[in-house]
1. Evaluate the distance, in nm, between pseudo-label points positioned 7 Å from the Cα of VAL128 and of SER335 along their respective Cα→Cβ axes.
2. Quick one: Cα centre-to-centre distance for segment 155-192 and segment 345-359, in angstrom?
3. To the nearest 0.05, what FRET efficiency results for LEU251 and ASP82 with a Förster distance of 41 Å applied to their C-beta separation?
4. Stretched out fully, how many nm does the piece from ALA425 to ARG75 gain, at 0.36 nm a residue minus the Cα gap?
5. Stretch ALA315-SER35 to full length: gain in nm at 0.36 nm per residue minus the Cα-Cα span?
6. I want to check the label-to-label distance for ASP345 and HIS243. Put each point 7 Å from Cα in the C-beta direction and report it in nm to one decimal.
7. Could you please state, rounded to a whole Å, how far the C-alpha centre of segment 390-450 is from the C-alpha centre of segment 210-262?
8. Per residue, how much accessible area does segment 233-348 show when a 1.4 Å probe rolls over the protein heavy atoms, in square angstrom?
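The values are calculated or read from the model by the stated rules, or taken from the named source; none is laboratory data. On a predicted model such as this, the values are computed, not experimentally measured, just so you know. All Cβ positions, glycine included, derive from the backbone under ideal geometry; neighbour counts span all protein chains shown. Accessible surface areas use protein heavy atoms only, side chains included; no ligands, DNA or RNA. Shrake-Rupley method; radii C 1.70, N 1.55, O 1.52, S 1.80 Å.
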Amino acid sequence: MLLAFKPYLQKAPMLPRLLSLAAGLALASQLAAQSADLSALHSAIDKQTTLIEAKVVDWRRDIHQHPELSTHEMRTAKLVADHLRALGLEVQTGVGGNGVVGILRGGKRGPVVALRADMDALPVTEMVDLPFKSTVRTTYNGQETGVMHACGHDNHVAILMGTAEVLASLKAQLPGTVKFIFQPAEEGAPIGGAGPMIEAGVLENPKVDAIFGLHVGPGLSGTIGWRGGAIAAAADGFRIIVHGKQTHGALPSLGIDPIVVGAQIVLGLQTIISRQSDLMTAPAVVTIGAFHAGLRENIIPDSAWMIGTVRTLNAEMRTDILARLKRTAESIAQSAGTTADVRIDLGYPITINDVALANRMVPTLRRVVGDDQVHTSSASLTGEDFSRFEEKVPGFFFGLGVTPKGKDLRTAAPNHSPLFFADEAALPIGVRIMSNVAVDFLAGGAPQKP
Ligand code: NI
(Lines give C-alpha, C1' and ligand atoms only; values in the text may rest on other atoms or scores of the structure.)
Protein backbone atom coordinates (compact mmCIF):
# COMPACT_ATOMS: atom_id res chain seq x y z
CA MET A 1 0.00 0.00 0.00
CA LEU A 2 2.76 2.48 0.91
CA LEU A 3 4.52 1.95 -2.41
CA ALA A 4 1.43 3.07 -4.25
CA PHE A 5 1.52 6.40 -2.40
CA LYS A 6 5.10 7.21 -3.46
CA PRO A 7 4.67 9.22 -6.69
CA TYR A 8 2.12 11.46 -5.03
CA LEU A 9 4.22 11.92 -1.90
CA GLN A 10 7.30 13.06 -3.83
CA LYS A 11 5.44 15.94 -5.45
CA ALA A 12 3.35 16.96 -2.46
CA PRO A 13 4.12 19.94 -0.21
CA MET A 14 5.51 19.18 3.24
CA LEU A 15 2.39 19.31 5.51
CA PRO A 16 -0.02 17.34 3.29
CA ARG A 17 2.88 15.01 2.60
CA LEU A 18 3.35 14.31 6.30
CA LEU A 19 -0.40 13.90 6.75
CA SER A 20 -0.56 11.48 3.83
CA LEU A 21 2.38 9.61 5.22
CA ALA A 22 0.69 9.40 8.61
CA ALA A 23 -2.59 8.23 7.00
CA GLY A 24 -0.68 5.67 4.96
CA LEU A 25 1.15 4.39 8.00
CA ALA A 26 -2.11 4.25 9.97
CA LEU A 27 -3.78 2.31 7.16
CA ALA A 28 -0.81 -0.04 6.88
CA SER A 29 -0.77 -0.70 10.60
CA GLN A 30 -4.54 -1.19 10.56
CA LEU A 31 -4.20 -3.72 7.72
CA ALA A 32 -1.33 -5.45 9.52
CA ALA A 33 -3.47 -5.64 12.67
CA GLN A 34 -6.38 -7.05 10.68
CA SER A 35 -4.26 -9.70 9.04
CA ALA A 36 -2.76 -10.59 12.44
CA ASP A 37 -6.33 -10.85 13.79
CA LEU A 38 -7.28 -13.09 10.89
CA SER A 39 -4.23 -15.33 11.34
CA ALA A 40 -5.10 -15.58 15.02
CA LEU A 41 -8.65 -16.63 14.07
CA HIS A 42 -7.30 -19.25 11.65
CA SER A 43 -5.07 -20.77 14.34
CA ALA A 44 -7.91 -20.65 16.86
CA ILE A 45 -10.18 -22.52 14.41
CA ASP A 46 -7.58 -25.29 14.08
CA LYS A 47 -7.19 -25.53 17.84
CA GLN A 48 -10.93 -25.54 18.59
CA THR A 49 -11.63 -28.09 15.84
CA THR A 50 -9.12 -30.49 17.35
CA LEU A 51 -10.85 -30.12 20.71
CA ILE A 52 -14.31 -31.06 19.38
CA GLU A 53 -13.31 -33.60 16.72
CA ALA A 54 -14.52 -36.61 18.74
CA LYS A 55 -17.86 -34.94 19.43
CA VAL A 56 -18.44 -34.28 15.73
CA VAL A 57 -17.83 -37.97 14.99
CA ASP A 58 -20.29 -38.95 17.78
CA TRP A 59 -23.00 -36.59 16.44
CA ARG A 60 -22.59 -37.95 12.96
CA ARG A 61 -22.86 -41.57 14.16
CA ASP A 62 -25.94 -40.74 16.23
CA ILE A 63 -27.64 -38.99 13.29
CA HIS A 64 -26.60 -41.79 10.94
CA GLN A 65 -28.19 -44.36 13.22
CA HIS A 66 -31.41 -42.32 13.47
CA PRO A 67 -32.11 -41.16 9.91
CA GLU A 68 -35.36 -39.31 9.18
CA LEU A 69 -37.09 -38.86 5.83
CA SER A 70 -37.84 -35.44 4.30
CA THR A 71 -40.35 -33.43 6.40
CA HIS A 72 -39.89 -35.90 9.31
CA GLU A 73 -36.59 -34.50 10.66
CA MET A 74 -37.96 -33.88 14.19
CA ARG A 75 -35.29 -35.72 16.19
CA THR A 76 -32.43 -34.28 14.13
CA ALA A 77 -33.89 -30.77 14.38
CA LYS A 78 -34.17 -31.06 18.18
CA LEU A 79 -30.58 -32.32 18.47
CA VAL A 80 -29.43 -29.33 16.43
CA ALA A 81 -31.59 -26.75 18.25
CA ASP A 82 -30.52 -28.01 21.71
CA HIS A 83 -26.89 -27.78 20.66
CA LEU A 84 -27.19 -24.25 19.22
CA ARG A 85 -29.02 -23.07 22.37
CA ALA A 86 -26.31 -24.57 24.57
CA LEU A 87 -23.77 -22.54 22.57
CA GLY A 88 -25.70 -19.35 23.37
CA LEU A 89 -26.89 -18.66 19.82
CA GLU A 90 -30.23 -17.04 18.97
CA VAL A 91 -32.23 -20.05 17.82
CA GLN A 92 -35.35 -20.27 15.64
CA THR A 93 -37.14 -23.60 15.15
CA GLY A 94 -39.94 -24.71 12.86
CA VAL A 95 -38.62 -22.43 10.10
CA GLY A 96 -40.32 -23.54 6.85
CA GLY A 97 -41.13 -26.96 8.35
CA ASN A 98 -38.47 -28.58 10.53
CA GLY A 99 -35.83 -25.97 9.71
CA VAL A 100 -33.57 -24.69 12.49
CA VAL A 101 -31.65 -21.42 12.35
CA GLY A 102 -28.90 -20.28 14.71
CA ILE A 103 -27.64 -16.70 14.67
CA LEU A 104 -24.20 -15.88 16.01
CA ARG A 105 -23.51 -12.14 16.25
CA GLY A 106 -19.78 -11.50 16.33
CA GLY A 107 -18.13 -8.93 18.58
CA LYS A 108 -17.07 -6.79 15.60
CA ARG A 109 -19.09 -5.13 12.88
CA GLY A 110 -19.23 -6.84 9.50
CA PRO A 111 -21.39 -8.60 6.93
CA VAL A 112 -23.73 -11.57 7.40
CA VAL A 113 -22.76 -14.99 6.13
CA ALA A 114 -25.03 -18.05 6.03
CA LEU A 115 -23.83 -21.66 6.21
CA ARG A 116 -26.26 -24.39 5.23
CA ALA A 117 -26.61 -28.10 6.04
CA ASP A 118 -29.47 -30.34 4.90
CA MET A 119 -30.82 -32.83 7.44
CA ASP A 120 -32.95 -35.46 5.68
CA ALA A 121 -32.32 -39.10 4.76
CA LEU A 122 -33.62 -41.42 2.01
CA PRO A 123 -35.86 -44.48 1.70
CA VAL A 124 -32.87 -46.79 1.20
CA THR A 125 -32.03 -49.95 3.16
CA GLU A 126 -28.48 -49.64 4.44
CA MET A 127 -26.13 -52.43 3.39
CA VAL A 128 -22.94 -51.08 4.96
CA ASP A 129 -21.91 -53.08 7.99
CA LEU A 130 -21.29 -50.39 10.61
CA PRO A 131 -21.72 -50.54 14.39
CA PHE A 132 -24.04 -47.52 13.99
CA LYS A 133 -25.78 -48.86 10.89
CA SER A 134 -29.38 -47.70 10.42
CA THR A 135 -32.04 -50.30 11.19
CA VAL A 136 -34.90 -47.81 10.82
CA ARG A 137 -37.75 -49.04 8.64
CA THR A 138 -40.76 -47.33 7.17
CA THR A 139 -43.41 -47.57 4.49
CA TYR A 140 -42.72 -45.36 1.49
CA ASN A 141 -45.05 -45.06 -1.51
CA GLY A 142 -46.80 -48.18 -0.20
CA GLN A 143 -43.60 -50.21 0.00
CA GLU A 144 -41.64 -51.48 3.01
CA THR A 145 -38.13 -50.00 3.06
CA GLY A 146 -35.25 -49.07 5.27
CA VAL A 147 -34.24 -45.45 5.92
CA MET A 148 -30.62 -44.43 5.44
CA HIS A 149 -28.45 -41.34 5.23
CA ALA A 150 -27.46 -42.54 1.76
CA CYS A 151 -26.75 -38.99 0.57
CA GLY A 152 -24.45 -38.22 3.52
CA HIS A 153 -26.53 -35.40 5.01
CA ASP A 154 -25.65 -36.80 8.47
CA ASN A 155 -22.11 -35.57 7.74
CA HIS A 156 -23.38 -32.12 6.74
CA VAL A 157 -25.34 -31.72 9.99
CA ALA A 158 -22.46 -32.89 12.20
CA ILE A 159 -19.98 -30.64 10.35
CA LEU A 160 -22.21 -27.58 10.74
CA MET A 161 -22.90 -28.33 14.44
CA GLY A 162 -19.13 -28.50 14.89
CA THR A 163 -18.62 -25.27 12.94
CA ALA A 164 -21.18 -23.54 15.16
CA GLU A 165 -19.28 -24.66 18.25
CA VAL A 166 -15.92 -23.54 16.86
CA LEU A 167 -17.18 -20.12 15.76
CA ALA A 168 -19.21 -19.58 18.95
CA SER A 169 -15.96 -19.96 20.91
CA LEU A 170 -14.52 -17.10 18.79
CA LYS A 171 -17.60 -14.86 19.01
CA ALA A 172 -15.82 -11.78 20.42
CA GLN A 173 -13.30 -11.71 17.55
CA LEU A 174 -15.76 -12.43 14.71
CA PRO A 175 -16.07 -9.49 12.25
CA GLY A 176 -19.76 -9.97 11.43
CA THR A 177 -22.69 -12.34 11.86
CA VAL A 178 -22.98 -16.04 11.03
CA LYS A 179 -26.35 -17.63 10.32
CA PHE A 180 -26.41 -21.42 10.61
CA ILE A 181 -29.18 -22.86 8.44
CA PHE A 182 -30.21 -26.46 9.09
CA GLN A 183 -32.59 -27.29 6.29
CA PRO A 184 -35.19 -30.06 6.06
CA ALA A 185 -36.50 -31.90 3.00
CA GLU A 186 -33.70 -31.39 0.48
CA GLU A 187 -34.70 -34.75 -0.99
CA GLY A 188 -38.36 -33.72 -0.99
CA ALA A 189 -38.55 -32.27 -4.52
CA PRO A 190 -40.29 -30.42 -6.02
CA ILE A 191 -41.20 -28.42 -2.87
CA GLY A 192 -37.99 -29.15 -0.99
CA GLY A 193 -36.88 -27.40 2.19
CA ALA A 194 -34.93 -24.36 1.01
CA GLY A 195 -37.95 -22.72 -0.65
CA PRO A 196 -40.18 -22.87 2.45
CA MET A 197 -37.31 -21.58 4.63
CA ILE A 198 -36.77 -18.64 2.28
CA GLU A 199 -40.52 -17.90 2.37
CA ALA A 200 -40.31 -17.99 6.16
CA GLY A 201 -37.64 -15.25 5.94
CA VAL A 202 -34.43 -17.17 6.59
CA LEU A 203 -32.40 -14.85 4.35
CA GLU A 204 -33.67 -11.69 6.16
CA ASN A 205 -33.23 -10.22 9.65
CA PRO A 206 -30.33 -9.94 9.44
CA LYS A 207 -30.09 -9.93 5.67
CA VAL A 208 -27.68 -12.56 4.36
CA ASP A 209 -24.86 -11.26 2.12
CA ALA A 210 -23.62 -14.67 0.93
CA ILE A 211 -24.31 -18.35 1.56
CA PHE A 212 -22.04 -21.38 1.57
CA GLY A 213 -22.72 -25.10 1.60
CA LEU A 214 -20.87 -28.34 1.02
CA HIS A 215 -21.89 -31.81 -0.11
CA VAL A 216 -20.03 -35.01 0.63
CA GLY A 217 -19.54 -37.59 -2.10
CA PRO A 218 -17.08 -39.86 -3.88
CA GLY A 219 -13.64 -38.27 -4.04
CA LEU A 220 -10.48 -38.80 -2.04
CA SER A 221 -11.22 -38.11 1.63
CA GLY A 222 -10.67 -34.46 2.52
CA THR A 223 -10.30 -33.19 -1.06
CA ILE A 224 -12.48 -30.42 -2.44
CA GLY A 225 -14.11 -30.22 -5.86
CA TRP A 226 -15.47 -26.86 -6.97
CA ARG A 227 -16.75 -25.00 -9.98
CA GLY A 228 -18.08 -21.50 -10.71
CA GLY A 229 -21.38 -21.12 -12.58
CA ALA A 230 -23.81 -24.02 -13.12
CA ILE A 231 -22.91 -27.01 -10.94
CA ALA A 232 -26.14 -29.01 -10.56
CA ALA A 233 -29.11 -29.46 -12.84
CA ALA A 234 -32.66 -28.29 -12.97
CA ALA A 235 -34.68 -31.42 -12.09
CA ASP A 236 -38.12 -31.30 -13.68
CA GLY A 237 -40.62 -34.15 -13.49
CA PHE A 238 -43.23 -35.17 -16.03
CA ARG A 239 -46.16 -37.57 -16.34
CA ILE A 240 -47.60 -38.74 -19.64
CA ILE A 241 -50.90 -40.57 -19.99
CA VAL A 242 -51.47 -42.24 -23.37
CA HIS A 243 -55.14 -42.78 -24.13
CA GLY A 244 -55.84 -46.00 -26.05
CA LYS A 245 -58.94 -48.01 -26.86
CA GLN A 246 -59.28 -51.37 -25.18
CA THR A 247 -59.65 -54.43 -27.40
CA HIS A 248 -58.80 -58.13 -27.64
CA GLY A 249 -55.09 -58.89 -27.93
CA ALA A 250 -55.82 -60.80 -31.14
CA LEU A 251 -57.79 -57.93 -32.70
CA PRO A 252 -55.60 -54.80 -32.42
CA SER A 253 -57.15 -53.05 -35.41
CA LEU A 254 -60.41 -52.75 -33.46
CA GLY A 255 -58.76 -50.58 -30.84
CA ILE A 256 -55.80 -48.30 -30.23
CA ASP A 257 -52.79 -49.88 -28.51
CA PRO A 258 -51.45 -47.42 -25.88
CA ILE A 259 -48.47 -49.69 -25.13
CA VAL A 260 -47.08 -49.43 -28.66
CA VAL A 261 -47.77 -45.69 -28.74
CA GLY A 262 -46.17 -45.34 -25.30
CA ALA A 263 -43.10 -47.29 -26.44
CA GLN A 264 -42.74 -44.93 -29.43
CA ILE A 265 -42.95 -41.99 -27.04
CA VAL A 266 -40.21 -43.47 -24.82
CA LEU A 267 -37.89 -43.72 -27.82
CA GLY A 268 -39.02 -40.40 -29.31
CA LEU A 269 -38.15 -38.56 -26.11
CA GLN A 270 -34.59 -39.91 -26.29
CA THR A 271 -34.12 -38.29 -29.69
CA ILE A 272 -34.74 -34.87 -28.10
CA ILE A 273 -31.39 -35.31 -26.38
CA SER A 274 -29.50 -37.29 -29.04
CA ARG A 275 -30.71 -35.47 -32.20
CA GLN A 276 -32.26 -32.13 -31.23
CA SER A 277 -30.17 -30.64 -28.40
CA ASP A 278 -26.81 -28.90 -28.69
CA LEU A 279 -24.91 -30.93 -26.13
CA MET A 280 -21.81 -28.79 -26.71
CA THR A 281 -23.66 -26.02 -24.89
CA ALA A 282 -24.45 -28.25 -21.92
CA PRO A 283 -25.29 -31.89 -21.23
CA ALA A 284 -28.90 -32.90 -20.59
CA VAL A 285 -30.85 -36.06 -19.80
CA VAL A 286 -34.40 -37.34 -20.22
CA THR A 287 -35.19 -40.48 -18.20
CA ILE A 288 -38.41 -42.48 -17.99
CA GLY A 289 -38.42 -43.94 -14.48
CA ALA A 290 -41.69 -45.88 -14.64
CA PHE A 291 -44.00 -47.20 -17.36
CA HIS A 292 -47.26 -48.94 -16.51
CA ALA A 293 -49.95 -50.49 -18.68
CA GLY A 294 -52.11 -53.53 -18.98
CA LEU A 295 -53.32 -56.47 -16.93
CA ARG A 296 -52.99 -59.71 -18.94
CA GLU A 297 -51.50 -61.08 -22.11
CA ASN A 298 -54.53 -61.02 -24.42
CA ILE A 299 -56.06 -57.64 -23.58
CA ILE A 300 -54.82 -54.44 -25.16
CA PRO A 301 -55.48 -51.94 -22.35
CA ASP A 302 -57.30 -48.66 -22.41
CA SER A 303 -54.35 -46.51 -21.36
CA ALA A 304 -50.68 -46.41 -20.43
CA TRP A 305 -48.80 -43.96 -18.25
CA MET A 306 -45.19 -43.09 -17.65
CA ILE A 307 -43.26 -40.76 -15.38
CA GLY A 308 -39.80 -39.36 -15.78
CA THR A 309 -37.30 -36.62 -15.15
CA VAL A 310 -35.58 -34.00 -17.29
CA ARG A 311 -32.16 -32.70 -16.22
CA THR A 312 -30.67 -29.55 -17.72
CA LEU A 313 -27.79 -27.20 -16.88
CA ASN A 314 -28.74 -24.32 -19.14
CA ALA A 315 -31.89 -22.20 -18.77
CA GLU A 316 -32.66 -21.90 -22.51
CA MET A 317 -32.14 -25.62 -23.04
CA ARG A 318 -34.45 -26.31 -20.11
CA THR A 319 -37.31 -24.36 -21.70
CA ASP A 320 -36.61 -25.83 -25.14
CA ILE A 321 -36.39 -29.49 -24.05
CA LEU A 322 -39.57 -29.27 -21.95
CA ALA A 323 -41.45 -27.80 -24.93
CA ARG A 324 -40.11 -30.52 -27.25
CA LEU A 325 -41.06 -33.21 -24.74
CA LYS A 326 -44.69 -32.09 -24.73
CA ARG A 327 -44.78 -31.71 -28.51
CA THR A 328 -43.11 -35.09 -29.17
CA ALA A 329 -45.45 -37.05 -26.90
CA GLU A 330 -48.59 -35.33 -28.20
CA SER A 331 -47.55 -35.64 -31.85
CA ILE A 332 -46.66 -39.34 -31.61
CA ALA A 333 -50.04 -40.02 -29.99
CA GLN A 334 -51.75 -37.97 -32.70
CA SER A 335 -49.98 -39.99 -35.41
CA ALA A 336 -51.63 -43.11 -33.94
CA GLY A 337 -55.03 -41.44 -33.96
CA THR A 338 -55.15 -40.81 -30.22
CA THR A 339 -54.05 -38.30 -27.59
CA ALA A 340 -51.52 -38.07 -24.79
CA ASP A 341 -51.83 -35.85 -21.72
CA VAL A 342 -48.49 -34.37 -20.72
CA ARG A 343 -48.03 -32.78 -17.31
CA ILE A 344 -44.73 -31.11 -16.46
CA ASP A 345 -43.83 -30.40 -12.84
CA LEU A 346 -41.08 -27.83 -12.57
CA GLY A 347 -38.62 -28.90 -9.86
CA TYR A 348 -35.47 -27.39 -8.42
CA PRO A 349 -33.82 -24.74 -10.57
CA ILE A 350 -30.26 -25.01 -11.88
CA THR A 351 -27.74 -24.60 -9.05
CA ILE A 352 -25.51 -21.71 -10.10
CA ASN A 353 -22.47 -20.72 -8.08
CA ASP A 354 -21.63 -17.02 -8.08
CA VAL A 355 -18.40 -16.94 -10.10
CA ALA A 356 -16.87 -13.92 -8.36
CA LEU A 357 -17.68 -15.32 -4.91
CA ALA A 358 -16.29 -18.76 -5.78
CA ASN A 359 -13.07 -17.24 -7.13
CA ARG A 360 -12.78 -15.12 -4.01
CA MET A 361 -13.13 -18.11 -1.66
CA VAL A 362 -10.97 -20.70 -3.46
CA PRO A 363 -7.74 -19.34 -1.89
CA THR A 364 -9.33 -20.07 1.49
CA LEU A 365 -10.08 -23.66 0.44
CA ARG A 366 -6.49 -24.06 -0.78
CA ARG A 367 -5.05 -22.65 2.43
CA VAL A 368 -7.17 -24.97 4.58
CA VAL A 369 -6.69 -28.31 2.80
CA GLY A 370 -3.62 -27.66 0.64
CA ASP A 371 -3.24 -26.69 -3.03
CA ASP A 372 -3.08 -30.27 -4.26
CA GLN A 373 -6.30 -31.20 -2.43
CA VAL A 374 -8.46 -28.68 -4.31
CA HIS A 375 -9.52 -29.38 -7.88
CA THR A 376 -12.12 -28.08 -10.29
CA SER A 377 -14.94 -30.51 -10.89
CA SER A 378 -17.47 -30.95 -13.66
CA ALA A 379 -21.13 -30.06 -13.23
CA SER A 380 -23.56 -32.80 -12.23
CA LEU A 381 -27.00 -33.64 -13.59
CA THR A 382 -28.26 -34.35 -10.09
CA GLY A 383 -30.51 -31.68 -8.56
CA GLU A 384 -29.98 -29.70 -5.37
CA ASP A 385 -32.26 -27.20 -3.66
CA PHE A 386 -29.31 -25.09 -2.51
CA SER A 387 -30.17 -23.60 -5.92
CA ARG A 388 -33.11 -21.77 -4.31
CA PHE A 389 -30.79 -19.92 -1.92
CA GLU A 390 -28.46 -19.08 -4.80
CA GLU A 391 -31.37 -17.55 -6.72
CA LYS A 392 -31.67 -14.99 -3.89
CA VAL A 393 -28.12 -14.32 -2.68
CA PRO A 394 -24.60 -14.98 -4.02
CA GLY A 395 -23.67 -18.52 -3.04
CA PHE A 396 -20.91 -21.07 -3.30
CA PHE A 397 -21.61 -24.80 -3.03
CA PHE A 398 -18.74 -27.26 -3.30
CA GLY A 399 -17.97 -30.94 -2.87
CA LEU A 400 -16.03 -32.64 -0.08
CA GLY A 401 -14.57 -36.07 -0.88
CA VAL A 402 -15.30 -38.81 1.68
CA THR A 403 -13.88 -41.91 -0.02
CA PRO A 404 -11.38 -43.52 2.37
CA LYS A 405 -7.74 -43.38 1.36
CA GLY A 406 -6.68 -46.58 -0.39
CA LYS A 407 -10.15 -47.27 -1.80
CA ASP A 408 -10.47 -47.31 -5.61
CA LEU A 409 -12.45 -44.17 -6.52
CA ARG A 410 -13.93 -45.92 -9.56
CA THR A 411 -15.64 -48.49 -7.37
CA ALA A 412 -16.71 -46.13 -4.56
CA ALA A 413 -20.50 -46.35 -4.06
CA PRO A 414 -22.23 -43.16 -5.22
CA ASN A 415 -24.65 -41.07 -3.15
CA HIS A 416 -28.09 -42.71 -2.81
CA SER A 417 -26.53 -46.22 -2.98
CA PRO A 418 -27.25 -48.60 -0.05
CA LEU A 419 -23.46 -48.99 0.08
CA PHE A 420 -22.67 -45.26 0.35
CA PHE A 421 -19.88 -44.87 2.90
CA ALA A 422 -18.33 -41.70 4.31
CA ASP A 423 -14.84 -41.59 5.82
CA GLU A 424 -15.05 -39.87 9.21
CA ALA A 425 -11.56 -38.41 8.78
CA ALA A 426 -13.22 -35.86 6.48
CA LEU A 427 -15.47 -34.53 9.29
CA PRO A 428 -12.94 -32.26 11.07
CA ILE A 429 -11.70 -31.12 7.67
CA GLY A 430 -15.30 -30.11 6.88
CA VAL A 431 -15.48 -28.15 10.14
CA ARG A 432 -12.24 -26.33 9.38
CA ILE A 433 -13.39 -25.57 5.83
CA MET A 434 -16.77 -24.13 6.84
CA SER A 435 -15.29 -22.14 9.76
CA ASN A 436 -12.51 -20.67 7.62
CA VAL A 437 -14.83 -19.87 4.72
CA ALA A 438 -17.13 -17.98 7.11
CA VAL A 439 -14.33 -16.08 8.83
CA ASP A 440 -12.51 -15.14 5.61
CA PHE A 441 -15.74 -14.01 3.99
CA LEU A 442 -16.63 -11.82 6.97
CA ALA A 443 -13.11 -10.34 7.12
CA GLY A 444 -13.24 -9.50 3.42
CA GLY A 445 -16.54 -7.64 3.60
CA ALA A 446 -19.79 -8.04 1.65
CA PRO A 447 -19.48 -8.55 -2.12
CA GLN A 448 -19.78 -5.38 -4.21
CA LYS A 449 -23.20 -5.08 -5.83
CA PRO A 450 -22.80 -4.93 -9.64
NI1 NI B 1 -27.75 -34.73 -0.99
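1. It works out to 4.7 nm between the two label points.
2. Each part reduced to its Cα centre gives a spacing of 19 Å.
3. Numbers: r = 68 Å, r/R0 = 1.66.
With a Förster radius of 41 Å, E is 0.05.
4. Numbers: separation 350, 0.36 × 350 = 126.00 nm, distance 2.50 nm.
Roughly 123.5 nm would be gained on extension.
5. Working: separation 280, 0.36 × 280 = 100.80 nm, distance 4.11 nm.
So the chain would gain 96.7 nm between ALA315 and SER35.
6. So the label points at ASP345 and HIS243 sit 2.3 nm apart.
7. The two parts, judged by their Cα centres, are 27 Å apart.
8. Per-residue accessible area for segment 233-348 comes out at 52 Å².
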